[in-house]
Amino acid sequence: MKQLTTLILIFAIYSGLIAPIGLQLNMQVHAQIINRKMTQIDADEQEKGLQFRLSEGVEGAETREKSPVAATDPLSANETGNLLKRLPNIKIEKEDQTDFAKRAGSLPPPKTGKNINVKFPADEQRGTPKVSNDQNLEVLRFSPEGVVKLAPDLSVTFSQPMIAVTSQEQAANTVPVEVSSLPEGNWRWLGTKTLMFDTKSRFPMATKFTAKIPAGTKAVNGQVLGKDVVWTFTTPPPKVETMIPSNNQITQRDALVFVSFDQQINQSEVIKTIAVNSNGRKISIRPANEDEISKNESISYYVKQVQSNRWLAFRAVNSDGSTENALPADSQITVAIQKGTPSAEGPLTTTEAQSFSFKTYGAMKFVKSYCGYNQSETTCAPYDNWRLEFSNPIDTESFDKMLVKIEPNIENLNIYPSGNSIIIDGLKPARKTFSVTASGALKDNFGQTLGQEAKAIFKTDAMPQALYSQGGNFVVLDPNSKPAFSVYSTNFNQLKVKIYKVQPNDWTQFQEYVRRINYDDKVKKPTIPGKLVSDKIVSLKNQPDELIETRLDLTEFLDGNFGNLILDVQPVEDSGKAVQVRAYNRRVFAWAQSTNIGLDAFVDNQELVGFATDLKTGKPLSGVDLTIYPNGSQVQSPKSKVQSQNTVSSWWNWAMSFVAPENSANSANSANLEEIEAAQTNQTDANGILRLPLPENQAKQQNILIAKRGKDVAFLPENTDYYYQQQGNWFQKPQTDSLRWFVFTDRNMYRPKEEVAVKGYIRVFQGGKLGDIAQLGDKANGLNYKIYDSRGNE
C-alpha cells in the first residue's frame, strides 16, 4: 500500500511539472498541423530522413501562469533506487562505440608574395619618350563632339606635356580649356597630356556646349598653340521612354495616362504640348493629382521606378471638368507629345512629335474562334489548342471553366482565360466535330457581361502516325521486372521487329550505323552488328487514333536475364511491306542492356575511377571485374611476377572474348569461366570502386568500360548520346606547366592614337598532382607578350 501511494505521488509531481509544457507544446503542434495542411506535399515525394519545421508560437503563451506544485514528501534514496532498478538496462550497440571525431588540422599559413620593384613595362621595353622642341603644340583629340546621346565627361589630349609632374591638386589649377555652361564637377589630369572634366552627374541635356582652347596656350617645354581650337557638342531634347497605356491596349474610359522622359521636365510646360485625339476630335486633358495616382496601382508603381521630375501623368476631362467616361467608347485614342516640347535642363526643344495609341473598351463581343497557330482554321489536330477570342480582356477572378460547355464532353481539358481569349488545352478525340459554347454570363475586366452565348465549331483530324520509344538509343532495362522493351505507336496495325544479339565490342559499329541511319538511301549504310536472333511481324491492338504501348518480351534472347540486344522496330503496311520512314520520327533503333550492374566512371588526365552498384538496391558491388576497351590497361596485383603475368594473360583472354565475334576461329583470344574467375585482378573493392590507369595512346574509336560479375556483363560508353564522336578520349594526357594572367587598363575605353596604360600579373600554373601557382622564375627570361583590344587590334 505504501509503495502504491508513493507511485501515485511521483506521478502527480511529474504531471504538475510537465502539464504546462505539454499544453504549450500541444498548441505549437496544433499550429504546425494547420501550417502543414496549407502546404501539404505528397508524402511519397518527400525525402527520407530527419526533417525540421519552424512555425509561429501561440501569442501570450510565455505569460501564462504555471499550475501550483502539489505538496509532497520526498522519497528516500533507498526508495528511489528501488524504483530505478525496475528499468531495463540500456543496450550498448556496436555503432555507439566510435573513435573520437578529431577535426582536421589547421590550414598552413598563406604564402607571402614577393614585390618586384620595377616599372611595368620596364624602361628597356618601352624606351624613353622623345620630345622635339621644334614641333608645335597641337590638340590631338577631344571629346565629346557633335550630337551625343549623353555627355558624362569632357576630355582633351595635347601633343606635349602641359603640366609638371606634381600633386593632382596643383595640376588641376592648370586648365587651358574654356567651356560654356560648365556644370558642377572637377578638372583632373590623366598624366601630363590629357585633361578631363568629371561632372557630378553628367552634362545637362537639351543643351549645345562650346569648348575652346585659345591660341597662345603653352606647354611645359614652351611650345605654343598656334590658333584657337573650338568645337561643339550637343545633348538631345526630351525623349519619351515609357508610355502607359500603349500598343493598342484596351482601357477604361477614364484611364490615367503616364509618360516618362530621359531627362528632367517641367510638367506644367510639357502638358501644354500634349494633344489627345480620337477620330479627328481633340480631347481635353488635365494633370492627375496625387490622390488619383496613389489609387491607381499600375501608375503609382511606374512613378516609383523613374527618377523624380522625369514623368507626367494626366487624364481626359469632359467639358464640365468631370472625368467619368471622358474618353469615347470603343475608340482608338492617339496621344502626341508635339514638336517643341521643352526640357527643364536646357533650352533645346524637340524637333518632331512623339506619339502612341491605345483603345477604350466597347461592348463585350465574341470575335472569332481558331486553333493552333493559324488564326483562321477550325479544323485542328487532336493536340492543338482551341481559342475563343473576344473584344475585351476577360475577368480572370470571376472566370469559371463551367462557363464553357463542350459537346460531346471531353475529360481532362484545361480551360482558362488569357488576355481577351479563352484557351482550351489538352488532347481531344480524333476525327470528331465538337460544339463549344461560352455562356453569356462571361465577364470582362470592365464589369460587362457577354450577354448572349458565343458558339464555335471545331473539327479534329486523325492522329498522325507515330512510332517512338523512351530513353534514346541506349537503354538499360529495369532489373526489378521481366526483361521487356516498350514501343509506343499511333495508327499502325503491325510492326516489323528485328532483334540482334550483341557484345560490348559491337558498340562502335552500332554508333556508325546510328550516325548514318538518316542518310539518303543511295548512300550505302554499314551493316547492323551482332547476330540476328528474331525477325517477325508483331500485330498491334486495333485502336485507331489512340496511343498504344507494345511491350516486346526479351527473355528468350537473354542468358538468365543478362545480355545486350539491338532492337530495330519499323511499322509495316497491311501487306507486310515495311513503310519507308526516317528513323527520327517513325523508327525505333536502340541498344538494350539487361544487367544488375550500375556503372559509373570518373576520368581525369591519368586514371579512370570506376564505381559499380547493384541496380536493384543501389548498394556498392564488390568483386566486379572492370576493364577499358579497346586499349585498356591492367592493375598489377600484389603477387609474384609469374603470377602477375598469368593473371594478365587470363584477363586479356577474357577481355578478348567480347572483342572476337562468336564464330571467330581464333581460340587463343577466348577464355573459359575458370580462367576469368582465377584472374581476379581488376575487381572493385568493398565500396564498389576500382582505379584504372588510362591507356597511353588515343583509341581510334570511342572507349567503353566493361564490367563483369559472373554471367552479368555491363558496359558504359564514353558518351551514350553524342554518336558523332569517332575517337576515344580516355587516354593519358600530359600535365605540363601553363601560364595564367590578369591584365587591366586605367580606363578601358580610348580614342584612336591615345596612349594606353596597361598593367598585368602573370603566374605559372604548375602541372601534376602537387601543382601550385608559382612565380615565373627562369621562365621570365623568354617571356614575350602582345596586347589586343576587344576587336583584335594590337
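The values are calculated or read from the model by the stated rules, or taken from the named source; none is laboratory data. Please read all numbers here as calculations on a predicted model, not as lab measurements. Here the Cβ is made from the backbone with ideal geometry for all residues, glycine too, and neighbour counts use every protein chain on show. Remember, those area values only see protein heavy atoms, side chains included, never the ligands or the DNA or RNA. Shrake-Rupley method; radii C 1.70, N 1.55, O 1.52, S 1.80 Å.
Amide H to amide H distances under 5 Å link D395 with K443, D444, N445, where only residues 5 or more positions off or on other chains count and H is placed in the peptide plane.
Evaluate E = 1/(1 + (r/R0)^6) for K91 and E607, where r is the Cβ-Cβ distance and R0 equals 45 Å; express this FRET efficiency to the nearest 0.05. Provide the component values of the computation, followed by the final result.
On the way: r = 45 Å, r/R0 = 1.00.
With a Förster radius of 45 Å, E is 0.50.
Excluding same-chain neighbours fewer than eight residues apart, the aspartates and glutamates reachable from K531 by a Cα-Cα span under 12 Å are D506, E662. What accessible surface, in Å², does a 1.4 Å probe find on V533, ignoring ligands, DNA and RNA and rounding to the nearest 10? Its accessible surface works out to 60 Å², give or take rounding.
Remark: spin-label model distance Q338-T433 equals 5.9 nm, labels positioned 7 Å along the Cα→Cβ axis. In whole Å, how far is the Cα centre of segment 265-283 from that of segment 734-794? One Cα centre to the other: 59 Å. On full extension, the segment bounded by S300 and T63 gains 80.9 nm, given 0.36 nm per residue less the C-alpha separation. Here's the list of aspartates and glutamates a cross-link from K619 could span, going by alpha-carbon distance under 20 Å and ignoring same-chain residues fewer than 8 apart: E47, E95, D478, D600, D685, D712. Measure up K498/K708; K482/K616; K482/K711 against 20 Å on the Cα-Cα distance and list the ones that go over. Going by Cα-Cα distance, K498/K708 fall outside the 20 Å limit. Remark: spin-label model distance K786-N82 equals 10.1 nm, labels positioned 7 Å along the Cα→Cβ axis.
If the chain linking N412 and Q465 were pulled fully straight, counting 0.36 nm for each residue of separation and taking away their Cα-Cα distance, it would gain 16.8 nm. Which entries in the list K304/K401; K200/K272; K368/K432 go over 29 Å, if you measure between the two C-alpha atoms of each? Violating the 29 Å limit, Cα to Cα: K304/K401; K200/K272.
Solvent-accessible surface of segment 250-322, taken per residue with a 1.4 Å probe and all protein chains present: 55 Å².
Each residue of segment 144-151 was assigned a 3J(HN,Hα) from its phi angle through the Karplus curve 6.51 cos²θ - 1.76 cosθ + 1.60 (θ = phi - 60°); the sequence is x, 8, x, 7, 10, 6, 8, 10 Hz, with glycine and proline shown as x.
Full extension of the chain between S398 and R740 yields a length gain of 116.8 nm, computed as 0.36 nm times the residue separation minus the alpha carbon distance. Put W591, W187 in order of accessible area, highest first, and with a 1.4 Å probe you get W187, W591.
Let me check I've understood the local charge: for L427, count other residues with C-beta under 12 angstrom from its C-beta, Lys and Arg +1, Asp and Glu -1. What total comes out?
Numbers: positive: K428; negative: D384, E411, D425, D545, E546.
Local charge sum for L427: -4.
Within the accessible area of segment 437-574, what % is carbon and sulfur when the probe is 1.4 Å and the other protein chains stay in place? Carbon and sulfur: 43 percent of the exposed surface of segment 437-574.
Simple spin-label estimate for T174 and I548 gives 9.4 nm between the two label positions (7 Å along the Cα-to-Cβ direction from each Cα). Solvent exposure of segment 682-794, expressed per residue, is 71 Å² of accessible area, with all protein chains present and a 1.4 angstrom probe.
Go ahead and run the numbers for FRET between I773 and V139, Cβ-Cβ distance against an R0 of 51 Å, rounding to 0.05. Can you show the working numbers first?
Working: r = 46 Å, r/R0 = 0.90.
According to the calculation, E is roughly 0.65.
Summarise the accessible area of segment 310-422 (1.4 Å probe, protein heavy atoms) by the percent that is carbon and sulfur. Roughly 43 percent, rounded to a whole number.
Counting charges near S391 (Lys, Arg +1; Asp, Glu -1) among other residues having Cβ under 10 Å from its Cβ returns a value of -1. Computed from phi, the 3J(HN,Hα) profile of segment 369-378 under the Karplus parametrisation 6.51, -1.76, 1.60 (θ = phi - 60°) reads 10, 6, 9, x, 8, 8, 7, 10, 9, 10 Hz, with x in place of Gly and Pro.
Return the FRET efficiency for the residue pair S268, S308: r is the Cβ-Cβ distance, R0 is 22 Å, and the value is rounded to the nearest 0.05.
About 0.90, to the nearest 0.05.
Here the peptides 381-393, 140-152 are ranked by packing, the mean other Cβ count within 10 Å, and the order with the highest first is 381-393, 140-152.
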